[in-house]
Amino acid sequence: MGQFPRCGESEWLNKILQQAWPFVGQYLEKLLVETIAPSIRASSAHLQTLSFTKVNLGDKAMKVVGVKAHTEHDKRQVLLDLYISYAGDVEINVEVKKYFCKAGVKGIQLHGKLRVILEPLIGDVPLVGAITMFFIRRPKLDINWTGLTNLLDIPGLNAMSDTLIMDAIASFLVLPNRLTVPLVADLHVAQLRSPLPRGIVRIHLLEAENLAPKDNYIKGVIAGKSDPYAVLRVGTQTFTSHHVDNNLNPQWREMYEVIVHEVPGQELEVEVFDKDPDQDDFLGRVKLDLGLVKKARSWMRLEWLSLIPSIDHLEQVLKRNKDLAIASKTAEAPSAAILAVYLDRAQELPLKKGNKDPSPMVLLSVQDTTKESRTCYGTNNPQWEDAFTFFIQDPRNQNIDIEVKDDDRALSLGSLSIPLARLLISPEMTLDQWFQLEDSGPASRIYINIILRILWLNEEAAGGTPVSPVPPDSGAGDGDGGHTAEVTPGGTSVAPVPSQTRPQQTSPDPSFATEGVLRIHLVEAQNLIAKDNFMGGMVKGKSDPYVKIRVGGVTFRSHVIKENLNPTWNELYEVVLTQLPGQEVQFEVYDKDLDQDDFLGRFKISLRDVINSQYTDEWYTLNDVKSGQVHLVLEWLPRVTDPAKLDQVLLHQSQQFYKNKVTPSVAILFVYVERAHGLPLKKSGKEPKAGVELTVKSTSQRTKVCDRSTSPQWDESFYFLLRCPRDDMLIVKLSHSWGLSLGSLVLPVRELLAEPGLALDRWLSLDGALPESEILLRATLQILESKASVCAGGPGGPEEGESVIPSREAATAANQELRHRAMPTHGGGDHPESDKGQVKLSIYYSTEENRLVIIVHGCRNLAACAKDGSDPYVSFILSPDKNRTTKRKTSIKKRDLNPEFNERFDFDLSLEEAGHRRLDLSVKNSVSFMSRERELIGKVQVELAEIDLSAGVTQWYTLTEETN
């Protein structure tokens, strides 16, 4: 696909979207309340009291950031690819009264490439008959749920999950699903909602040559061969060949057929592996856009099968397929035709016992293949509007069997069997009509559109001498790159892909690392109205005020101050925001009561005003009440990449104290996870479904889980607010469906301080995986330079009138903490305060995982236990522990007095239980049983009750020979 044009060229389209957005919201509200809600209520007895209490699409319209037009296809249609970006403030609330459950959605982000087809083009206004939309590949979707756990507690919904709901929503508009909106009346939309595929690609996996030998003997002294097999993928369609024993030039002679819905866009990927008892080895990969198969059949032995509405060539096709079946080792016979079925609707289906409406669904079967429609709940006149596709080996003697059933699958509502031979003699090989149902009601009928097409290979176009695997003009066509394959007259031979064909750097979206940080300091309020009255209002009381702050889909709530109309909160909040027009920061003040909290006023501040001013310190008048003002300090923090600024920002941070115990962030870390390469297979030999978990301190974020692949691609971005970047560690864990580990790495954030522009962008090796296992990511560090820190760092010190003056004890403790943070690790920089050995630990509680986490980073200045040094390791236990179940130890580092471990240990403890434990840690020298070397190097004890485990701590601890 060519590069998208600059954003400005699609600005006119964004203006139209912004203007039409309120009307889109009205349509969505009508759709949810009048159509979707009744359908959900009918689907389950548990959801009969469900209702949408609020539907607000918000003010932020979807944005188009790039447009690509395709003019080389059908002249009767307009084909567009729109790269869309939506970060909306949509708010949808759901209530299920039976279970006192309230849930909803507050904010949606959607990013992806949307294909839009305008067809048919007509000679009258509005010139276009309908608009069809879909994503060729799954878009990135992020939904901010509210009260989801309450919803999942309802019986019948507990098997669902946040991920399942997200998958269902994300796949609604992904091929082969599509949304069609008719623009003119009396338009037959069945062929638009369920068009015939663009074609069928028949893949002949014949042979390979010069594969790499992976099976070696006598520790690699004698080179062996390989046991190769191939895995082929097109979208969700996956095929695996048989493996050929001990052969570097294998012959498979297998054939596969795949449906191609859209070109350009859909891709074929072929990977070759060496079959091993434990871990299969990667041998090479081929990847190409299937649109190029149609354009350039002469240089690739893949057959593009056209869809022909005629039986003229059927006998010829059947004879050729018979010859192919003999030559091929694949169990499946080649297909002679494709059957497309559009299941529209049914009428007057029989009622269930007690004259209750059924919930009909349809089973469609051709030979051994059965497919299911969706269920229409509580109606005997269902509208399914579902599409299905079947491969047909011989249409002369095959049938399609259709059975309508109630959703419990037990009660049959009618059936129908249609011989495909009937289609052979029908006009255009199509049946588009009502069919009477058998074993059903007297007036029960079903409307179906059935289309049969013969799969025809144009031998002249498919023939010819193969040429180079890479097209002469690498910029031609709409593919994303060349193809790493050698082509021979016999077919496709897969060669190992050299490493330089992989991208060496990431290609994130231009919006990557453009978010900013808003810091909100809620100082105080004055002249609030009194809501707590006594003796029937005769005696005026006061109020117990607190503040709710809403911005960017995030809500903060201050603590309650008892009986005070002039409260001082002194609380700090930070939120990361995308700079979008129209965003507001909303403040609401309430009086805390036992039953219903009373309203004390509200006001809004435009985020654009805060960004423009960078820093404001003002009193804001409360609206909708007689009196009241709130004092705020708002700051949109400048982001800089000068590492020299860090010490100044850290110094300012150490001097701040807030009642909600928030430590101001000093930097923001942006991480873009693009792809991985060479991941290990599962023990079963199957490829993993890989996901990446990123962790900094107690904050963890996850990517989506990719379809099975050893080279998955995520293209997702994340951010973390950092409070001590010299000590923070980015932990990257890859796993199969969040279970089986596929490798990990630990990236100390301090390494970014030495990188140009504080950014790292390259392939990184994974520990605990294969030697070739790598991940490609970009990590960008930006320092948050507060205006207050600039003032505090000047010769005059802090400005007068500063609202926060920490106590001497707090300042002393903060400065001590700063010394811990600023202290460099071993190797360069300032030396530690003493020559004693030290161990560096991170200790925090992960509220997401309900686990205590301890990371042993390393040691420095360890004492030598022998002439040639020590073999150190770390051993520890969480006391009290009678059964010693929490005892752990690291790996052993040979002859190293400054070892790095970077090993993480998790403990399934509640936060309260963790606070009652003590960490008893020893650094030891690994010695043999008879050795005279000293074993104990040093000890340290850490009382976890003295640590804010929710915030976490990372620091060096000095070792003593006796327990502290």
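Can you work out the Karplus-derived ³J(HN,Hα) for every residue in region 672-688? Use 6.51 cos²θ - 1.76 cosθ + 1.60 with θ = phi - 60°, whole Hz, and x for glycine or proline.
Karplus-based 3J(HN,Hα) across region 672-688 equals 10, 9, 8, 7, 10, 9, x, 5, x, 7, 6, 4, 6, x, 7, 6, x Hz.
Test of understanding: what is the full-extension gain from LEU764 to ASN898, defined as 0.36 nm times their sequence separation minus their Cα-Cα distance?
Details: separation 134, 0.36 × 134 = 48.24 nm, distance 2.32 nm.
So the extension gain works out to 45.9 nm.
Label-point separation (nm) for ASP642 and GLN251, each offset 7 Å from Cα along Cα-to-Cβ?
Label at ASP642, label at GLN251, 7.1 nm between them.
Can you tell me the FRET efficiency between GLN77 and GLU946 if r is taken as the Cβ-Cβ distance and R0 is 60 Å, rounded to the nearest 0.05?
Numbers: r = 69 Å, r/R0 = 1.16.
So, using R0 = 60 Å, E works out to roughly 0.30.
Along the Cα→Cβ direction, 7 angstrom out, place labels at GLN48 and ARG934. What is the inter-label distance in nm?
7.8 nm
Add +1 for every Lys or Arg and -1 for every Asp or Glu among the other residues with Cβ under 9 Å from the Cβ of SER51, and state the total. Can you show the working numbers first?
Details: positive: ARG41, LYS97; negative: GLU95.
Around SER51, the surrounding residues sum to +1.
Calculated FRET efficiency, TRP145 and TRP21, Cβ-Cβ r, R0 22 Å, to nearest 0.05?
Details: r = 23 Å, r/R0 = 1.03.
FRET efficiency, TRP145 to TRP21: 0.45.
Probe radius 1.4 Å, ligands and nucleic acids ignored: give me the carbon and sulfur share of the accessible area of region 314-421 as a rounded percent.
Numbers: 2330 of 5210 Å².
C and S fraction of accessible area: 45 percent.
Give the calculated FRET efficiency between ASP312 and ILE36 to the nearest 0.05, with a Förster radius of 56 Å applied to their Cβ-Cβ distance. All intermediate terms of the calculation are to be shown ahead of the outcome.
Values: r = 47 Å, r/R0 = 0.84.
The formula returns an efficiency of 0.75 here.
Would you pull out the residues with amide H under 5 Å of ASP386's amide H, same chain only if 5 or more places away, H placed 1.01 Å from N?
Excluding prolines and chain starts, which carry no amide H, the hits are LEU343.
Taking the Cβ of ARG917 as the center, what net charge do the other residues with Cβ under 11 Å away carry, scoring Lys and Arg +1 and Asp and Glu -1?
Numbers: positive: ARG918; negative: ASP881, GLU912, GLU913, ASP920, GLU943.
Around ARG917, the charge tally is -4.
How large is the dipole of region 848-940 about the Cα centre if only Lys and Arg carry +1 and Asp and Glu carry -1, each at its Cβ, rounded to the nearest 20 debye? Intermediate results must be reported in sequence, preceding the final value.
Values: 18 positive and 15 negative charges, 107 e Å.
I would put it at about 520 debye.
Where the accessible area of region 654-772 is counted over protein heavy atoms with a 1.4 Å probe, how much of it, in %, is carbon and sulfur? The partial results should precede the final answer.
Working: 2110 of 4420 Å².
Roughly 48 percent of what the probe reaches on region 654-772 is carbon or sulfur.
In sequence order, what are the phi-derived ³J(HN,Hα) couplings for region 312-320 according to the Karplus relation 6.51 cos²θ - 1.76 cosθ + 1.60 with θ = phi - 60°, rounded to whole Hz, with x for glycine and proline?
3J(HN,Hα) across region 312-320, in whole Hz: 4, 9, 4, 4, 5, 5, 4, 5, 5.
Find out how many positive minus negative residues lie around THR506, taking Lys and Arg as positive, Asp and Glu as negative, among other residues whose Cβ is under 12 Å from that of THR506.
Working: positive: ARG502, ARG675, ARG762, ARG778; negative: ASP509, GLU674, ASP715, GLU716, ASP761.
Net charge around THR506: -1.
In whole Å, what is the distance between the alpha-carbon centres of region 730-746 and region 619-690?
23 Å
Can you tell me how much longer the chain between GLU209 and ASN14 gets when fully stretched, taken as 0.36 nm per residue apart minus their C-alpha distance, in nm with one decimal? Can you show the working numbers first?
On the way: separation 195, 0.36 × 195 = 70.20 nm, distance 5.23 nm.
Full-extension gain reported as 65.0 nm.
Residue by residue through region 715-732, what is 3J(HN,Hα) from phi via Karplus (6.51 cos²θ - 1.76 cosθ + 1.60, θ = phi - 60°)? Round to whole Hz and write x for glycine and proline.
Once θ is set to phi - 60°, the couplings for region 715-732 become 6, 10, 10, 9, 9, 9, 7, 10, 10, 8, x, 6, 10, 5, 10, 8, 9, 10 Hz.
Measuring with a 1.4 Å probe in the full set of protein chains, what accessible area per residue, in whole Å², belongs to region 900-959?
Numbers: 3140 Å² over 60 residues.
Solvent-accessible surface per residue comes out at 52 Å².
How long is the gain from ALA185 to ARG557 if the chain were fully straight, where each residue apart is worth 0.36 nm and the alpha carbon distance is subtracted? Can you show the working numbers first?
On the way: separation 372, 0.36 × 372 = 133.92 nm, distance 5.20 nm.
128.7 nm is the gain from fully extending ALA185 to ARG557.
Counting only protein chains, not ligands or nucleic acids, how are GLU403, GLU34 ordered by accessible area (probe 1.4 Å), most first? Provide the component values of the computation, followed by the final result.
Values: GLU403 60, GLU34 120 Å².
Per-residue accessible area, sorted high to low, gives GLU34, GLU403.
Check which residues have an amide H placed less than 5 Å from GLY743's amide H, if you skip close sequence neighbours.
The list, which skips near neighbours in sequence, is LEU734.
The values are calculated or read from the model by the stated rules, or taken from the named source; none is laboratory data. Just so it is clear, the model here is predicted, and its values are computed rather than measured. Heads up, the Cβs are rebuilt from the backbone with ideal geometry, glycines too, and the neighbour counts pull from every protein chain shown. Heads up: the accessible areas ignore ligands, DNA and RNA and are worked out on the full protein's heavy atoms, side chains in. Shrake-Rupley method; radii C 1.70, N 1.55, O 1.52, S 1.80 Å.
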